[in-house]
Amino acid sequence: MTRDESIIEMGSWLRTAPGRHVLAWEQDRLDHAVTDAFGFHAVQLGLPELDGLRANRMPHRWVASDSLLVPEALPLPPPLDSMITTLSAHEPISLHCDFEALPFPNASIDLVVLPHALELSRDPHQTLREVERVLVPEGRVVIAGFNPASLWGLRQRAGHLRRGLGFGREQNLYLPRSGEFIGYWRLRDWLRLLSFEVEAGRFGCWRPPVSSEQWLQRFAWMDRVGDRWWPVLGAVYFLVAVKRVRGMRLVGLLRNEKRKANAASAVVANRRREPARAEAELET
């Protein structure tokens, strides 16, 4: 499957009942995660159907795609529709680039959002290395992905197995057939090797893999129960990591401390001269 076909398939799946359910959950998580992320430059890689930077206040924002296809825009899920005009000074700039070779200098981006970009990437390891390269120290990366250790992931593997045995077709797959689903703990190991520190992680969407909107609504109670009793079995996961740079020296703070120390020693020296001056005045 070509890259353009994968993007078309993902866009089509997001218009299904389970796709809209996932889109609404991820949009809500992203809105809360990027609101307090400060800086000057933010980038979203892939999945333009999801506006991951709509609640961010950074003045320079890009939505990058590695395909020339422009998918049809989807309606933004609530509840931040009324806040977009106040939070966003202008719309993000569309950018076409290769995710394995981002067109940004080293340590120049404050926030990178990856909604399912690693799953659809030709080389997810290289994409993550490029994210680490362009992020500033203490910069943040936000990642959303499908959880293979879930009911949705199990149904997807069962569909692939039936297709391999000749008993199923592509229509039997529940999730998009393109891309490699990266497990949550596996992704944490990748981030740890790149000196990222996971700041927050969460799972969502515990409803069973049904296709109709009516049945998804009937199982809405599973989202409340699953968040408490089997959190790691959610169909999707959400992760926020911070780039840590070891051995950093804060030169500006060190200079201020040296200035304060010099000022303190000068005061002590002046105090020592005062008794000598008083004895000289008594002798005269």
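The values are calculated or read from the model by the stated rules, or taken from the named source; none is laboratory data. These numbers were taken from a predicted model, which means no experiment stands behind them. FYI the Cβ positions are ideal-geometry reconstructions off the backbone, even for glycines, and counts take in every protein chain you see. The protein model used for the area step is the full one, side chains on, heavy atoms only, and it has no ligands, DNA or RNA in it. Shrake-Rupley method; radii C 1.70, N 1.55, O 1.52, S 1.80 Å.
So the values come out like this:
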quantity: Solvent-accessible ranking of 138, 100, 91, largest area first, probe 1.4 Å; calculated: 91, 138, 100
quantity: Order of exposure, largest accessible area first, which applies to 116, 21, 41 with probe 1.4 Å; calculated: 41, 21, 116
quantity: Net charge, residue 47 excluded, C-beta distance under 11 Å - Lys, Arg +1, Asp, Glu -1; calculated: -4
quantity: C-alpha center-to-center spacing [segment 17-36, segment 198-239] in angstrom; calculated: 13 Å
quantity: Cβ-Cβ FRET estimate between residue 157 and residue 200, R0 fixed at 25 Å, reported to 0.05; calculated: 0.35
quantity: Rounded accessible area of residue 14 (nearest 10 Å², 1.4 Å probe); calculated: 10 Å²
